[in-house]
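Peer 1: Have a look at this one before I ask anything.
The values are calculated or read from the model by the stated rules, or taken from the named source; none is laboratory data. As the structure is a prediction and not an experimental result, all values here were calculated from the model. Positions of Cβ are generated from backbone atoms using ideal geometry, with glycine treated the same way; all protein chains shown enter the neighbour counts. Just so you know, the surface numbers come from the protein's heavy atoms only, side chains and all, with ligands and any DNA or RNA stripped out. Shrake-Rupley method; radii C 1.70, N 1.55, O 1.52, S 1.80 Å.
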Amino acid sequence: MQDLRKVGFIGLGIMGRSMAYNLYRAGFEVTVWNRSASKMQEAAKWGAKLASSPEDLARTSDAVITIVGDTPDVEEVIAGEKGVLQGAKPGTILIDMSTISPDATRVLAGKAKAKGVEMIDAPVSGGDVGARNGTLSIMVGGDPAVVEKAMPLFKAMGKSVTHCGPVGAGQTVKACNQILCGLNLLGVVEALAFARKSGVDLEKMIQVTTQGAGGSWALANYAPRVIKGDLAPGFSVRFQQKDLRIVLQEAERLDLPLAGTALVQQLLRSVQAYGGGEDGTQSLIRVMERLGNVSIIPENDHDLPAQPGEES
């Protein structure tokens with residue numbers, strides 16, 4: 001396999017735009033494609049080349065990275081009519097960094113293999129901050145030799161890169177990560193509500209508990225945002241729900257009860273029902289406020305969309 005100097009990057013959302021830029025800063029020649037042309041123009045300003053389609057992008061790339069919304073989106077940009085596999089030459093490495101079904105990943109890898117393209121799944125964790133700072137945790141599934149070839153790309157985007165096993169293993173570990181993210185977040189909002197109703201200073205509670213056995217990434221990063229009224233998405237409720245849907249579908253296939261994960265998914269559905277699907281996952285606090293009749297978010301950021309029949 002040739003050196004991977006020319007990198008095609010598909011998907012310039014909250015995560016992808018920073019990841020693509022970090023590849024460019026690391027010295028790779030980056031060509032981008034995104035459904036929204038405005039995001040491509042933003043990338044052009046820092047030096048990215050622009051492609052007219054995933055097929056066009058793949059023709060000139062040694063490696064192609066995809067990070068898009070959901071399983072059907074990945075299938076379309078990779079195996080669709082003008083997808084990557086229509087333009088990729090044999091020996092191209094295809095790296096999907098989206099979060100999708102492990103089974104769908106294995107099917108796409110088979111289609112890629114038939115075209116002489118090696119596919120790796122490499123979903124990420126670390127949110128918008130990790131993407132900007134190049135400190136993402138990357139969970140990789142694929143052939144060891146191909147993974148090693150792609151390692152310089154991963155190191156330009158992440159701090160922790162773990163080869164988890166064959167194709168699909170990265171997605172399985174990412175599913176585990178999302179289980180933990182959801183349950184940790186639920187613990188954070190319950191602790192905030194408990195502290196508020198008990199009359200304890202929230203900042204002091206956060207300061208103490210982040211140093212103890214109950215500390216977590218969610219507590220250190222989301223709790224301070226919540227008490228400032230910052231519900232902006234580092235990772236949106238909509239995408240977390242997509243990830244939890246994948247988890248629960250896999251759990252059903254495995255005959256594995258995941259009661260806590262199912263509860264978080266249902267509580268986040270309440271956030272969506274009140275119009276918060278594009279807010280950050282820390283907006284789970286809104287559900288806790290309603291359930292416990294407790295006010296945690298500062299009042300000037302506390303307006304909730306009214307439900308039908310409810311006064312606004």
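Peer 1: For N221, all conditions in the list (1) open to solvent by 40 Å² or more (accessible area, probe 1.4 Å); (2) within 30 Å of K113 (Cβ to Cβ); (3) under 20 Å from the mean Cα position of the chain (by Cα) hold save one; what is the number of the exception?
Peer 2: Exception for N221: condition (2).
Here is a yes/no grid of residues against (1) under 25 Å from S18 (Cβ atoms); (2) of a type in the set (A, V, I, L, M, F, W, C); (3) within 18 Å of the chain's Cα centre (by Cα); (4) not in a helix (DSSP H, G or I):
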| site | (1), (2), (3), (4) |
| --- | --- |
| E148 | yes, no, no, no |
| A156 | yes, yes, yes, no |
| V167 | no, yes, no, yes |
| V173 | yes, yes, yes, no |
| C176 | yes, yes, yes, no |
| L183 | no, yes, yes, no |
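Peer 1: On to the next question. Being assigned to a helix (DSSP H, G or I) and more than 13 Å from I10 (Cα to Cα): is that true of G91 here? Before you say what the answer is, go through the steps one by one.
Peer 2: Details: assigned to a helix (DSSP H, G or I): no; more than 13 Å from I10 (Cα to Cα): yes.
No.
Peer 1: Now a separate question. Give, as residue ranges, the strands (runs of 3 or more DSSP E) completely inside the stretch 1-86 that count at least 2 residues that are open to solvent by 40 Å² or more (accessible area, probe 1.4 Å).
Peer 2: Details: elements: 6-10, 29-33, 63-66.
Where strands (runs of 3 or more DSSP E) fall fully within the stretch 1-86 and carry at least 2 residues being open to solvent by 40 Å² or more (accessible area, probe 1.4 Å), they are 29-33.
Peer 1: Output the residues belonging to the stretch 98-115 that are touching a Gly at 6+ places or on another chain (Cβ under 8 Å) and open to solvent by less than 10 Å² (accessible area, probe 1.4 Å).
Peer 2: So the first thing to find is which residues in the stretch 98-115 are touching a Gly at 6+ places or on another chain (Cβ under 8 Å), and the list is 98, 102-103, 105-106, 109.
If the condition is that a residue be touching a Gly at 6+ places or on another chain (Cβ under 8 Å) and open to solvent by less than 10 Å² (accessible area, probe 1.4 Å), then S98, P102, T105 are the ones that fit.
Peer 1: Would you mind finding the one in E148, E118 that is on the phi < 0 side of the Ramachandran plot, crowded, with 17+ Cβ neighbours inside 10 Å and among the acidic types (D, E)? Working first, answer last.
Peer 2: Numbers: E148 fails: crowded, with 17+ Cβ neighbours inside 10 Å.
Testing whether each residue is on the phi < 0 side of the Ramachandran plot, crowded, with 17+ Cβ neighbours inside 10 Å and among the acidic types (D, E) leaves just E118.
Peer 1: In addition: Can you confirm whether A150 is closer than 30 Å to V7 by Cα and in contact (Cβ under 8 Å) with a residue 60 or more places away in the chain? So that I can check it myself, show each step before the final result.
Peer 2: Values: closer than 30 Å to V7 by Cα: yes; in contact (Cβ under 8 Å) with a residue 60 or more places away in the chain: yes.
Criteria met by A150.
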